[in-house]
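For reference, the structure is listed below as structure tokens.
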Amino acid sequence: MKQSEKQGKKNQIGAVGEKIAARYLKKKGFAILQENYLKKWGEIDIVARETAKSKPILHFVEVKTVSYETKADLKKSVSHGTWRPEENVHFKKIQRMNRAIESWVMENNYNGEWQIDILAVRIVPREKYATAKYLPNVIFD
């Protein structure tokens, strides 16, 4: 498989993961304000807020997706504690995301509280199966 084909497949998997993440957040009571906010200096996968909260806090959500061939492969990976998608959110990624958040906040004249969340999605495309793990308010030192 060529590098461009690998990147195309990775982008497709990421897009599926982001759709699953948005559905997951909606089911958990979030309103999706924006998806795929993109600047040269960073991106935000999902901007959301909880609809039931009296004090609104914006959630800037980074979605990380990994795919497996079968459910058995997914279960084996989880049970052995091997690589988790959320481990791919590193300090540099958060720095770029913070710059994009600053832009979003300025463009939307938002002056309230906000936090960064991670939503890790594992998918088995052939079997139309997915799991989601929501990690709210991640803080990186």
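Structure values in brief
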| read-out | value |
| --- | --- |
| Single condition Asp45 does not satisfy, out of (1) of a type in the set (D, E, K, R); (2) crowded, with 16+ Cβ neighbours inside 10 Å; (3) modelled with pLDDT under 95 | (3) |
| Hits in segment 72-126 (condition: at pLDDT 90 or above and surrounded by fewer than 11 Cβ atoms within 10 Å (Cβ to Cβ)) | Met106, Glu107, Asn109, Asn111, Gly112, Glu113 |
| Counted residues, segment 127-137 - those being open to solvent by 50 Å² or more (accessible area, probe 1.4 Å) and either at pLDDT below 90 or not aromatic (Phe, Trp, Tyr) (or both) | 5 |
| Flag if Lys6 is at negative phi, modelled with pLDDT of 90 or more and among the basic types (Lys, Arg) | no |
| Index of the failed condition, Lys27 passing every other in (1) within 20 Å of Tyr134 (Cβ to Cβ); (2) open to solvent by less than 90 Å² (accessible area, probe 1.4 Å); (3) modelled with pLDDT of 95 or more | (2) |
| Positions within segment 31-42 being modelled with pLDDT of 95 or more and either acidic (Asp, Glu) or crowded, with 19+ Cβ neighbours inside 10 Å (or both), in sequence order | Glu35, Tyr37 |
| Complete set of residues in segment 101-135 that are in contact (Cβ under 8 Å) with a residue 60 or more places away in the chain and either out of contact with any Leu (no Cβ under 8 Å at 6 or more places or on another chain) or not in a strand (DSSP E or B) (or both) | Ser103, Trp104, Val121, Ile123, Pro125, Ala130 |
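The values are calculated or read from the model by the stated rules, or taken from the named source; none is laboratory data. Quantities reported herein were computed from a predicted structural model and do not represent experimental measurements. In this analysis, Cβ positions are derived from the backbone assuming ideal geometry, glycine residues included, and neighbour counts consider all displayed protein chains. These accessible areas exclude ligands, DNA and RNA; they are computed on the full protein's heavy atoms, side chains included. Shrake-Rupley method; radii C 1.70, N 1.55, O 1.52, S 1.80 Å.
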